[in-house]
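Enquirer: After the C-alpha cells below, expect a handful of questions from me.
The values are calculated or read from the model by the stated rules, or taken from the named source; none is laboratory data. The structure displayed is predicted, hence computed values, not measured ones. Every residue, glycine among them, receives a Cβ derived from its backbone with ideal geometry; neighbour counts consider all protein chains shown. Note: areas computed on protein heavy atoms with side chains; ligands, DNA, RNA excluded. Shrake-Rupley method; radii C 1.70, N 1.55, O 1.52, S 1.80 Å.
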Amino acid sequence: MGTQTLRLPRSIALWVGTMFLFSLAAGTGSAEEQKKEHGGTPTAAYSPSLTTLGQIKVTIPGRKPDDPVISPEEFQKATQIYFQRCAGCHGVLRKGATGKPLTTDITRERGYKHLHTFITYGSPAGMPNWGTSGDLSKDDVDLMVRYLLIEPPQPPEFGMADIRKSWKVAVPVDKRPTKKMNTLDLDNLFSVTLRDAGQIALIDGESKKIVTVIDTGYAVHISRISASGRYLFVIGRDAKVNMIDLWMKTPATVAEVKIGAEARSVETSKMKGWEDKFAIAGAYWPPQYVIMDGATLEPQKVVSTRGMTYDTQEYHPEPRVAAIVASHYRPEFIVNVKETGKILLVDYSDIKNLKVTTIEAERFLHDGGFDSTKRYFLTAANARGKVVVVDTKKGTLTSILETGGETPHPGRGANLKHPVHGPVWATSHLGDETVALIGTDPKGHPDKAWKVVQTLEALGGGSLFVKSHPKSNNLYVDAVLNPEAEISASVAVFKVSELNKDEPEFVTLPIGEWAKISGGGQPRVVQGEYNTAGDEVWFSVWNAKDKESAIVIVDDKTLKLKHVIKDKRLITPTGKFNVFNTRADVY
Ligand code: DHE
C-alpha cells in the first residue's frame, strides 16, 4: 500500500475538468497538433448519453431542396449515433445544453468542412475528438456532418396512455406473501447493478453469495428501497421500473412500468405515515416525472418539466430529470431538473391537487444526498462547479456555493465528523483530484456552515463517488474515469481523525489488483458501499461485458482485503445498494 503515489499532475487534472463545453468557436491548428491536443477525457466519457432513444424509428423531417443526400437508413443510423454520443451535451432537439446549439441555422452557416474538422478533431473547450480517437470512422464523420445539416427528428412523446400500456402487475397485492417467506437478512442485502446485462444481482451481505439475478430494464442504472425495506425499485436507462418484492421466497418482480423512453432516477415515499405509499421516477426523455402507486406501480400522475430556465427565464424544451430523493420531514419528493436549474419539491399528500414548490437553484443539477441529519439536501450543479443546499424541513433554498474543484460529482456524498470543523459532507470531482468538505452544522458550527472548510487531494481526476459511514473513521474516494489504468483501479482512503493535519495523507488501496481478474481487460473500480454494520466496504471491479468482473470487499478497520466475489453472472457490476443504508439514507 503506497501513500499518494498515483497522483495525476494537476495540469492534466484541470484539463480534464474543462472538457464539458463544446465550442464551435474554438481555434484550429494543424491536424497533428489537434490530434495531440484533443485526446479523450473522463468528463467526455461521462457525458450523459441517450442510450435507448436512438432505437426508436424516426423519419427524415420535412426535406428541403438543398438538404444533403441521406438515405432513410443512414438517417436512422445517424440519429442513433447522435443520441448516444452528442445529445447529452447538445440536446435531443439540438438546442444546446452544456454544449452549443446545433440547429440548422448555425450548422448551415458553419458549413460542411468546419463541422467535419470539429467532429474529427474535437476542441480544447470540450468536444471529444470522435474521428481521431477512432470512435467514429471516416464514413461516420461524413454521415454525422450531413445529418447535422438537416433538421433534427423529434422523438415521440411518452404520455399517460403509453405509460399505462406498459404497466404490468405480475403478482397482484392480494397474491403476495403476508409475511417474509425467506430467511434472508433483508437489511444486509445488496442490490447490485449488472449494467450491460440489464439485470440486478441480489447478494447476501453475510455469506456474500448471489441470492438471485433478476431481469430489469436496459443498461440498468440505480436501485432504491421502499421505506419499510420490503420493496426494491430498479430503473433502467430505457425508463423501465421494476418493483421487486423482497418478502417472496425468492425475491422477484411483482410489477413493472415504463415511464418514458430514457431515464436515470427512481425513489419512494419516506415520510412518516406515507411509507411505501408512492414511487416516483424521472425521465431524460420525454422530460417528465411520473408518480406511481407504491404497491403496484400503477401510474397516477405524469408531469412535464419543460419550462423556463431559472436565470434567464427562457423556454427550455428538454430539461432532464436527474437525482430524486424523498424528504424525511415533509411528504415531498425532491426532484432535480437539470437544464432549467430548478429543484422541485413535489408534495405527494394530495396528488389530485398537486402542489410543487420550485426552488431557483443552478443549471446542470445532477446527483446529491442528505447531510447526516437528513434535513439538508446537498446536490451538485456539476457543470457549474457548485453545490446547492436545500432545507427539506422548511422547503427553501439554504445556499449555493462553489466547491473550488472542477465538476463536483458526489453520488450521494459522504458525511463525516471532522475533528476541527464538526459535521461535514464531502464531494469529489470528475475534473481534478480534489475532495471538498462542506460544513453542514448551522447550529453547532455556524461560521462553517455551507462553506468549503477543507480541500483534500486524492488520487486524481475522474472520481465519481465518495463513501463513509457513521461508524467508520474512513473516507473512500474512487477515481473511476481516470485515464491511468492503475489509478482508475485504485481507491484513496483518508482517516477522518487525521483531517486536522495541514495536508492529510491518504492510503491507496489497489482494489483492481486484489480482484486478480483473469482474462484481461481494463477494469475500473467504482462506488464503495457499506454493509449494514458499517464495518466493511464493497467496491465493484467493473470490466467489459465479455470479461471477468468482481466485487472486492474491504475490512473497514484494517483496510485489508476481506473477500472477493466472483461469479459468471456478475457481468459489468457498477452501483451497489445496501437495503438498510439506502432506505435510511446512511452515507
Ligand atoms: Fe449515473 C446515479 C445520471 C453515467 C453509475 N446517475 C446517477 C444519478 C443520475 C445519473 C441522474 C442520480 C440518481 C438519483 O439519485 O436519483 N449517470 C447519469 C448520466 O447521465 C451519466 C453521466 C451518463 C449516462 O448516459 O447514463 C451516468 N452512472 C454513469 C456511469 O457510467 C456509471 C459510473 C456506471 C453505470 O452503471 O452506468 C454510473 N450513477 C451511477 C451510480 C449511481 C448513479 C452507481 C448511484 C450512486 C449512489 O450512491 O446513489
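Enquirer: For the stretch 324-341, check the following and say yes or no: at least one residue is farther than 28 Å from Arg176 by Cα, within 16 Å of the ligand (Cβ to nearest atom), at pLDDT 95 or above and in contact with a helix residue (DSSP H, G or I) (Cβ under 9 Å, 6 or more places away or on another chain).
Expert: yes
Enquirer: Continuing with the same structure: Looking at the stretch 285-297, can you tell me whether even one residue there is within 15 Å of the ligand (Cβ to nearest atom), outside any loop (DSSP other than H, G, I, E, B) and open to solvent by 10 Å² or more (accessible area, probe 1.4 Å)?
Expert: Looking for residues that are within 15 Å of the ligand (Cβ to nearest atom), outside any loop (DSSP other than H, G, I, E, B) and open to solvent by 10 Å² or more (accessible area, probe 1.4 Å), one finds at least one in the stretch 285-297, hence yes.
Enquirer: Report yes if Pro317 is more than 16 Å from the ligand (Cβ to nearest atom), open to solvent by 10 Å² or more (accessible area, probe 1.4 Å) and under 22 Å from Lys352 (Cα atoms), otherwise no. First the steps, then the outcome.
Expert: Values: more than 16 Å from the ligand (Cβ to nearest atom): yes; open to solvent by 10 Å² or more (accessible area, probe 1.4 Å): yes; under 22 Å from Lys352 (Cα atoms): no.
So Pro317 does not fit the description; no.
Enquirer: Given the structure, is Val257 part of a strand (DSSP E or B), in contact with a Ser or Thr (Cβ under 8 Å, 6 or more places away or on another chain), open to solvent by less than 10 Å² (accessible area, probe 1.4 Å) and more than 16 Å from the ligand (Cβ to nearest atom)?
Expert: On the way: part of a strand (DSSP E or B): yes; in contact with a Ser or Thr (Cβ under 8 Å, 6 or more places away or on another chain): yes; open to solvent by less than 10 Å² (accessible area, probe 1.4 Å): yes; more than 16 Å from the ligand (Cβ to nearest atom): yes.
Judged against the criteria, Val257 is a match.
Enquirer: Any chance you could count how many residues in the stretch 131-184 are of a type outside the set (A, V, I, L, M, F, W, C) and free of Cβ contacts under 8 Å to residues at least 40 places away in the same chain?
Expert: First, the residues of the stretch 131-184 that are of a type outside the set (A, V, I, L, M, F, W, C): 131-135, 137-140, 142, 146-147, 151-157, 159, 162, 164-166, 168, 172, 174-180, 182-183.
Restricting the remaining residues to those that are free of Cβ contacts under 8 Å to residues at least 40 places away in the same chain gives 131, 134, 137-139, 142, 165, 174-175, 178, 183.
The total comes to 11.
Enquirer: Within the stretch 512-522, identify whether any single residue is touching a Phe, Trp or Tyr at 6+ places or on another chain (Cβ under 6 Å) and touching a residue at least 12 places away in the same chain (Cβ under 8 Å), and answer yes or no. Steps first, answer last, please.
Expert: Taking the stretch 512-522 and keeping what is touching a Phe, Trp or Tyr at 6+ places or on another chain (Cβ under 6 Å), we get none.
Checked against the condition, which is being touching a Phe, Trp or Tyr at 6+ places or on another chain (Cβ under 6 Å) and touching a residue at least 12 places away in the same chain (Cβ under 8 Å), the stretch 512-522 yields no hits at all.
Enquirer: Residue check: is Val234 under 21 Å from Val586 (Cα atoms) and either basic (Lys, Arg) or open to solvent by less than 30 Å² (accessible area, probe 1.4 Å) (or both)? Reasoning before the result, please.
Expert: On the way: under 21 Å from Val586 (Cα atoms): yes; either basic (Lys, Arg) or open to solvent by less than 30 Å² (accessible area, probe 1.4 Å) (or both): yes.
Considered against the rule, which asks whether it is under 21 Å from Val586 (Cα atoms) and either basic (Lys, Arg) or open to solvent by less than 30 Å² (accessible area, probe 1.4 Å) (or both), Val234 comes out as yes.
Enquirer: Moving on to the next point. Inside the stretch 82-102, can you point out the residues that are in contact (Cβ under 8 Å) with a residue 40 or more places away in the chain and in a loop (DSSP other than H, G, I, E, B)?
Expert: Gly91, Val92, Leu93, Arg94, Lys95, Ala97, Thr98, Gly99, Lys100, Leu102 - these are the residues of the stretch 82-102 that are in contact (Cβ under 8 Å) with a residue 40 or more places away in the chain and in a loop (DSSP other than H, G, I, E, B).
Enquirer: Just to check your reading of the model, which residue among Leu430, Leu475 is in contact with a Pro (Cβ under 7 Å, 6 or more places away or on another chain) and either within 16 Å of the ligand (Cβ to nearest atom) or without any contact (Cβ under 8 Å) to a residue 24 or more places away in the chain (or both)?
Expert: Numbers: Leu475 fails: in contact with a Pro (Cβ under 7 Å, 6 or more places away or on another chain).
On inspection, the qualifying residue turns out to be Leu430.
Enquirer: Out of (1) surrounded by fewer than 24 Cβ atoms within 10 Å (Cβ to Cβ); (2) within 16 Å of the ligand (Cβ to nearest atom); (3) among the basic types (Lys, Arg), what's the single condition that is false for Arg306?
Expert: If we test Arg306 against (1) surrounded by fewer than 24 Cβ atoms within 10 Å (Cβ to Cβ); (2) within 16 Å of the ligand (Cβ to nearest atom); (3) among the basic types (Lys, Arg), just (2) comes out false.
Enquirer: Right, another one. Report, by residue number, each residue of the stretch 68-104 that is of a type in the set (D, E, K, R) and open to solvent by 20 Å² or more (accessible area, probe 1.4 Å). First the steps, then the outcome.
Expert: Taking the stretch 68-104 first, the residues of a type in the set (D, E, K, R) are 73-74, 77, 85, 94-95, 100.
The answer is Glu73, Glu74, Lys77, Arg85, Lys95, Lys100.
Enquirer: Here's something else I'd like to know. Could you list, in sequence order, the residues of the stretch 497-535 that are open to solvent by less than 10 Å² (accessible area, probe 1.4 Å) and closer than 19 Å to Ala436 by Cβ?
Expert: The answer is Leu499, Phe506, Gly528.
Enquirer: Let me ask something additional. Just give me the residues in the stretch 194-224 being within 15 Å of Glu529 (Cα to Cα) and either surrounded by fewer than 22 Cβ atoms within 10 Å (Cβ to Cβ) or among the β-branched types (Val, Ile, Thr) (or both), in sequence order.
Expert: Matches in the stretch 194-224: Ile203, Asp204, Glu206, Lys208, Ile222.
Enquirer: If we keep just the residues of the stretch 266-284 that are more than 18 Å from the chain's Cα centre (by Cα) and open to solvent by less than 10 Å² (accessible area, probe 1.4 Å), which is farthest from the ligand (Cβ to nearest atom)?
Expert: Of the residues in the stretch 266-284, the ones more than 18 Å from the chain's Cα centre (by Cα) are 269-279.
Right, trim to open to solvent by less than 10 Å² (accessible area, probe 1.4 Å) and you get 269, 279.
On the way: Ser269: 14, Ala279: 12 Å.
Top of the filtered list is Ser269.
Enquirer: Output yes when any residue across the stretch 228-236 is in contact with a Phe, Trp or Tyr (Cβ under 7 Å, 6 or more places away or on another chain) and either within 16 Å of the ligand (Cβ to nearest atom) or free of Cβ contacts under 8 Å to residues at least 12 places away in the same chain (or both), and no when none is.
Expert: yes
Enquirer: Output the residues belonging to the stretch 190-216 that are among the aliphatic types (A, V, I, L, M) and assigned to a strand (DSSP E or B). First the steps, then the outcome.
Expert: The initial filter retains those residues of the stretch 190-216 that are among the aliphatic types (A, V, I, L, M), namely 192, 194, 197, 200-203, 210-211, 213-214.
Answer for the stretch 190-216, where residues must be among the aliphatic types (A, V, I, L, M) and assigned to a strand (DSSP E or B): Val192, Leu194, Ile200, Ala201, Leu202, Ile203, Ile210, Val211, Val213, Ile214.
Enquirer: On to the next question. Looking at the structure I just gave you, is Gly260 more than 17 Å from the chain's Cα centre (by Cα) and in contact (Cβ under 8 Å) with a residue 60 or more places away in the chain? Don't jump to the end; show me each part of the working.
Expert: Details: more than 17 Å from the chain's Cα centre (by Cα): yes; in contact (Cβ under 8 Å) with a residue 60 or more places away in the chain: yes.
Criteria met by Gly260.
Enquirer: Filter the stretch 566-587 down to the residues that are more than 13 Å from the ligand (Cβ to nearest atom) and either outside any loop (DSSP other than H, G, I, E, B) or buried (at least 20 other Cβ atoms within 10 Å of the Cβ) (or both) and list them by number. I'd like the intermediate steps shown before the answer.
Expert: If we filter the stretch 566-587 for residues that are more than 13 Å from the ligand (Cβ to nearest atom), which is where we start, we get 566-570, 579-580, 584.
Of everything in the stretch 566-587, those that are more than 13 Å from the ligand (Cβ to nearest atom) and either outside any loop (DSSP other than H, G, I, E, B) or buried (at least 20 other Cβ atoms within 10 Å of the Cβ) (or both) turn out to be Leu570, Val579, Phe580.
Enquirer: What number of residues within the stretch 343-357 are in contact (Cβ under 8 Å) with a residue 24 or more places away in the chain and open to solvent by 50 Å² or more (accessible area, probe 1.4 Å)?
Expert: Result for the stretch 343-357: 3.
Enquirer: Continuing with this model, one more query. Run His563 past the list (1) more than 13 Å from the ligand (Cβ to nearest atom); (2) outside any loop (DSSP other than H, G, I, E, B); (3) farther than 11 Å from Pro523 by Cβ; (4) open to solvent by less than 20 Å² (accessible area, probe 1.4 Å) and report the number of the one that doesn't hold.
Expert: Failing condition for His563: (4).
Enquirer: All but one of (1) β-branched (Val, Ile, Thr); (2) within 25 Å of Pro423 (Cβ to Cβ); (3) in contact with a Lys or Arg (Cβ under 7 Å, 6 or more places away or on another chain) hold for Ile334, so report the exception by its number.
Expert: (3)
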